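Following: one structure in structure tokens, then a few remarks.
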Amino acid sequence: MSNNPFDLVVRNARVATASDTFDSDIGIRGGRIVQLGLDLPSGTREIDAAGRVVTPGGVDAHCHLDQPMAPPARMADDFDSGTRSAACGGTTTVIPFAAQEKGQSLRAAVRDYHQRAEGKAHVDHAFHLIVSDPTPQVLSEELPALIREGYTSFKIYMTYDDLKLDDGQILDVLEVARRHDAMAMIHAENSDCIEWLTKRLESAGRTAPRFHAHSRPMLVEREAAHRVISLAELVDVPILIVHVSGREAVEQIRWARAHGLNVFAETCPQYLFLTAEDLGIDDDYRGAKCVCSPPPRNKANQEVIWNGLADGLFTVFSSDHAPFKYDAPEGKKPGGEEVAFRHIPNGIPGLETRLSLLYTHGVLQGRITLNRFVELTSTNPAKANGLHPRKGTIAVGADADLVIWQEGQRTIRNADLHHDVDYTPYEGIEVQAWPAYTLSRGEVVWDGEFHPRAGRGEFLRRGRPTLLPKQAA
Ligand code: DUC
Ligand code: ZN
Ligand code: ZN
């Protein structure tokens with residue numbers, strides 16, 4: 001046993017948390033931060049961070065890895081490639097979804113998902129639940145028991161035939177969230193409107209990828225956001241509306257906040273960096289690469305989202321990484337065919353690029369502060385999911401999950417990324433900051449090279465959410 005008080009010292013860091021920025025060395029032992037201060041004694045290993053910003057490792061509280069799909073669809077990333085990609089982009093905790101199929105017990109879905117993760121993850125991870133079949137047994141026994149065991153958040157869908165709940169079911173599930181103090185995440189889109197529009201587009205022969213956006217205009221999201229806000233008000237429970245895409249849903253959330261309701265909101269890179277035009281301006285099938293739901297909107301809506309990030313409306317910034325290969329029969333070309341938009345698997349990759357994009361275009365371009373960046377990408381997702389202060393901050397006692405940033409011009413290229421997807425929707429976008437090092441519990445997992453150790457990532461049993469409401473203007 002060494003006499004050094006530290007396994008590792010990150011020296012001369014410009015430390016940024018959600019509340020403060022200060023100069024400090026970071027002393028690490030046993031995977032945790034044990035001391036902060038200047039001129040710490042030597043560690044067994046040292047990393048000089050002089051001139052560099054150091055933030056808590058990213059917590060990506062909305063990503064999809066190896067989630068079971070209806071054939072032929074299959075996600076391109078499992079816990080190995082997905083957490084590899086996360087680590088290389090500065091994310092040290094991921095929370096994907098254990099999805100209940102209708103007719104399946106929640107317990108079986110969780111068991112299956114643990115098997116998928118077993119021995120594969122390179123960084124720490126927890127699971128949200130997806131509740132698609134709220135039977136009396138699920139509501140009264142399985143869900144409360146799983147919440148007690150540390151699965152303290154779940155997602156419910158207002159669209160997709162195989163996942164959606166009706167309003168009565170949503171009320172039932174929200175009541176469980178209230179009673180057991182869990183976080184309910186909501187996919188807010190009106191299913192019947194989407195189906196009605198989709199049929200009309202199909203009968204007019206409008207089936208190219210770009211019509212996906214026409215089938216899900218903003219009012220579809222606005223109506224569902226308004227409705228679920230009302231349902232949550234009735235039950236008197238906080239909710240988190242996920243992947244908010246633009247002005248109309250934002251207006252509903254501002255209204256709810258102004259009325260004192262605890263409505264939290266998440267947004268994602270696709271609503272800042274993509275528009276509906278990325279789904280194609282003609283019938284080019286490559287637009288399928290950007291098919292996700294809700295769809296990207298337009299430049300004016302990108303500004304609305306930036307404003308919500310700056311003024312406190314948004315609580316969480318996640319990737320919504322939902323990885324499908326473009327040129328593959330299990331991906332965006334089901335069975336090898338160019339299909340009507342209705343049949344294109346929904347989702348785009350983004351785990352590895354989330355932090356760099358927001359750091360560059362948010363912090364370095366003066367739209368948000370460095371502290372707000374940390375809050376959105378790490379601290380708040382940790383609090384919303386019962387992981388704080390172990391995750392999401394730089395403090396004595398916290399896990400030594402850190403990103404040491406380097407600034408410098410770089411262009412996003414899929415060839416440089418570490419996911420198993422054959423494209424990135426952000427190809428060609430310039431960034432000026434990228435992780436020089438990612439540390440997961442004191443271990444360097446990325447220093448310009450990835451250091452794989454599948455299975456080192458721990459499963460995290462979580463506490464209750466500790467997010468406090470933040471009132472936007
Ligand atoms: N919802 C998600 O949360 N992710 C991918 C697709 C979707 O509809
Ligand atoms: Zn969703
Ligand atoms: Zn998602």
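The values are calculated or read from the model by the stated rules, or taken from the named source; none is laboratory data. Quick caveat: nothing in here was measured; it's all calculated off a predicted structure. Neighbour counts run over all protein chains shown; Cβ positions are idealised from the backbone, glycine included. Each accessible area value is taken on the protein alone, full model and side chains, heavy atoms only, with ligands, DNA and RNA left out. Shrake-Rupley method; radii C 1.70, N 1.55, O 1.52, S 1.80 Å.
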Can you sort ARG116, ARG178, ARG222 by solvent-accessible area, 1.4 Å probe, largest first? ARG178, ARG222, ARG116
Could you work out the equivalent-ellipsoid semi-axes for segment 1-51, taking the square root of 5 times each eigenvalue of the Cα gyration tensor, largest first, in whole Å? 20, 11, 8
Pair GLU338, ASP167: separation of 7 Å Cα→Cβ label points (nm): 4.2 nm
Spacing of the two label points (7 Å from each Cα toward its C-beta) at ILE281 and GLU141, in nm: 5.9 nm
Using a 1.4 Å probe and ignoring any ligands, DNA or RNA, find the accessible area of ARG148 and quote it in Å² to the nearest 10. 150 Å²
Solvent-accessible heavy-atom area per residue, rounded to whole Å², over the chain at 1.4 Å: 37 Å²
Stretched fully, the stretch from SER230 through SER42 gains (0.36 nm per residue minus C-alpha distance, one decimal, in nm) 62.0 nm
Would you kindly find the accessible area of LEU201, with a 1.4 Å probe and non-protein molecules such as ligands, DNA and RNA excluded, rounding to the nearest 10 Å²? 20 Å²
Given a Förster distance of 30 Å, report the FRET efficiency between ARG111 and ASP181 from their Cβ-Cβ distance, rounded to the nearest 0.05. 0.80
What does the accessible area of CYS268 come to, in Å² to the nearest 10, when a probe of 1.4 Å is used? 0 Å²
Report the gain in length on full extension from GLN35 to ASP447: 0.36 nm times residue separation, minus Cα-Cα distance, nm rounded to one decimal. 146.0 nm
For segment 254-344, calculate the relative contact order in percent as a whole number, restricting contacts to Cα pairs under 8 Å that are 6 or more residues apart. 29 percent
When only Cα pairs under 8 Å and 6 or more residues apart are kept, what is the percent relative contact order across the chain? 22 percent
What lysines does LYS332 reach when the alpha-carbon gap must be under 20 Å and sequence neighbours fewer than 8 apart in one chain are set aside? LYS289
Can you give the helix-only mean residue ellipticity at 222 nm for the chain, where every DSSP H stretch with n ≥ 4 adds -39500 (n - 2.57) and the sum goes over all residues, rounded to the nearest 500 deg cm²/dmol? -7500 deg cm²/dmol
Quick one: check the C-alpha center-to-center distance for segment 23-42 versus segment 43-93, whole angstrom. 24 Å
Dipole magnitude of the chain, debye to nearest 20 (Cβ charges: Lys/Arg +1, Asp/Glu -1, about Cα centre): 640 debye
In the P(r) worked out for segment 112-225, what percent of Cα pairs fall beyond 22 Å? 47 percent
What does DSSP give for the chain in terms of the percent of beta bridges that are antiparallel, rounded to the nearest 5? 45 percent
Does a label point 7 Å from the Cα of ALA204, set along Cα-to-beta-carbon, have any residues of segment 337-380 with amide nitrogen under 19 Å, and which are they? 340-343
Relative contact order of segment 1-51, please, whole-number percent, based on alpha carbon pairs below 8 angstrom and at least 6 residues apart. 46 percent
Of the cross-linked pairs LYS102/LYS325; LYS120/LYS155; LYS120/LYS325, which ones have a Cα-Cα span greater than 22 Å in the structure shown? LYS102/LYS325; LYS120/LYS155
Taking the Cβ-Cβ separation of GLU427 and ASN3 as r and a Förster radius of 35 Å, what is the calculated FRET efficiency to the nearest 0.05? 0.10
What's the FRET efficiency of ASN298 with TRP196 using the Cβ-Cβ distance as r and R₀ = 22 Å, to the nearest 0.05? 0.45
In units of 2.2 N^0.38 Å, the Cα radius of gyration of segment 58-377 is 0.94
Leaving ligands and nucleic acids out of the surface, order PHE6, PHE450 by accessible area at 1.4 Å, largest first. PHE450, PHE6
